[in-house]
Amino acid sequence: MNVLETSNLKIWDTRNNEVIVNNLSFAVEEHKCTAIVGESGSGKSMTVKAINGIHKPWIRCEGNVLFEGQNLLEQSSKNMKEIRGKKIFMIFQDGMSAFDPSCTIHSSFREILSENMCSTKEEEDRLILQSMDKVKLKNPKEILDKYPHQLSGGMLQRIMIALSLALEPKIIIADEPTTSLDTISQFEIVNEFMRLKKEYGTTMIFISHDLGVVRKLADFIIVMKDGEKVEEGPVEEVFCHPQNSYTQYLVNTRKALGENYKKLIKVCQNA
Ligand SMILES: Nc1ncnc2c1ncn2[C@@H]1O[C@H](COP(=O)(O)OP(=O)(O)OP(=O)(O)O)[C@@H](O)[C@H]1O
Ligand SMILES: [Mg+2]
């Protein structure tokens, strides 16, 4: 079953009428991880921002993003606010930007939970500790009293994953969630995403430049170039038999560079 279906998505900048994403259609299957890959500037982030309704005011979108029987592109900002977080949860590249720098992790966590669920403070705290335990955050009470700048990037991404576990959204969208992390944290955070999929059956859209990570995590892959989809398919099929010349280039470059992910594993094993 598809949780989300995007069809004929077009995104453009009204200031100069530049088309950023064109004629993009893809489906996101339940309990599966759909990866979006492609060179920098190909429109990956703009696509997921359109799904989430978080574009700059000068950006316009047309087409369909079907989710629970409604076109997300036609929803009021009030409706989208309700969908974001509770139903579609976004994890960004920079964990720090997701948290209010002037609040402790505890108050940010609580604020997000109370916006999205009806529960008492005691229930919220129980849920917070439970979800932190699930992503193996040690000394959760100590972490909760800290401010974002006192925690590492890996820790903040782990907290975001804990938050998503507490909210149980229909889809998690992760836009390069490991890019700004050191090698060991990257490895650990990818493993947390693996667990999200395997243990909790979470449906995901995962954007990454690291094809090693994509191959390990994704079930289905969408390849974008210059704002358009150039290829899509089950991950092993696309990796083993890429049809489009750009996909062939991506896959071959990766082979030539060696598999980053294997390197990561080595580094972690030797750490
Ligand atoms: N705020 C913005 N306003 C206008 N145009 C934008 C804006 N952000 C991005 N763009 C345009 O959209 C294009 C696609 O950007 P996008 O951020 O989706 O790329 P991306 O595939 O996510 O790249 P990267 O891998 O570097 O994150 C960019 O080349 C840029 O021209
Ligand atoms: Mg991007």
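Things to note:
- Each Lys and Arg contributes +1 and each Asp and Glu -1, all at the Cβ; summed about the Cα centre of the chain, the dipole is approximately 400 debye.
- Looking at segment 25-132, the chymotrypsin sites (Phe, Trp or Tyr not before Pro) that sit in a DSSP loop and have at most 15 other Cβ atoms within 10 Å of their own Cβ are Trp58.
- Calculated FRET value between His209 and Val267, using beta carbons and R₀ = 22 Å, to 0.05: 0.75
- Listed cross-link partners Lys44/Lys78; Lys78/Lys141; Lys32/Lys86; Lys56/Lys138; Lys146/Lys266 are compared with a 29 Å cut-off, the Cα-Cα value being larger for Lys78/Lys141; Lys56/Lys138; Lys146/Lys266.
- Space enclosed by the convex hull of the alpha-carbon atoms of segment 98-168, per residue, Å³: 79
- Cross-link partners for Lys136 among the aspartates and glutamates, with Cα-Cα distance under 12 Å and sequence neighbours closer than 8 places in the same chain left out: Glu188, Glu192.
- Taking Lys134, Lys87, Lys229 as the candidate residues, the one with maximal mean-square fluctuation in a Gaussian network model of the chain, Cα springs under 10 Å, is Lys134.
- Per-residue ellipticity at 222 nm from helix content only, as computed over the chain with -39500 (n - 2.57) for each DSSP H run of at least four residues, stands at -13000 deg cm²/dmol.
- 3J(HN,Hα) from dihedral phi, segment 146-159, Karplus parametrisation 6.51/-1.76/1.60, rounded to Hz, x for glycine, proline: 8, 9, x, 5, 8, 10, 6, x, x, 5, 5, 5, 5, 5
- 10 Å Cβ shell holding at most 13 others, DSSP loop, GluC sites (Glu not before Pro): longest site-free stretch of the chain: 69-271
- Each Lys and Arg Cβ is given +1 and each Asp and Glu Cβ -1; about its Cα centre, segment 98-168 then shows a dipole of about 340 debye.
- Selected from Asn52, Asn16, Asn252 as most flexible by GNM, with the chain as the system and alpha-carbon contacts under 10 Å: Asn16
- Put simply, the Cα atoms of the chain extend 53, 51, 36 Å along their principal axes, the longest span coming first.
- Taking Lys44, Lys146, Lys56 as the candidate residues, the one with maximal mean-square fluctuation in a Gaussian network model of the chain, Cα springs under 10 Å, is Lys56.
- Karplus-derived 3J(HN,Hα) values for segment 50-67, using 6.51 cos²θ - 1.76 cosθ + 1.60 with θ = phi - 60°, are 5, 4, 8, x, 10, 7, 5, x, 7, 9, 10, 10, 9, x, 10, 10, 7, 8 Hz; glycine and proline are entered as x.
- The residues packed around Ser45, meaning those with a beta-carbon under 11 Å from its beta-carbon, carry a net charge of 0 if Lys and Arg are +1 and Asp and Glu are -1.
Laboratory data are not the source of any read-out in this text; all were calculated from the coordinates shown. Keep in mind it's a predicted model, so treat the numbers as computed, not measured. As a convention, Cβ positions derive from the backbone with ideal geometry for all residues, glycine included, and neighbour counts pool all protein chains shown.
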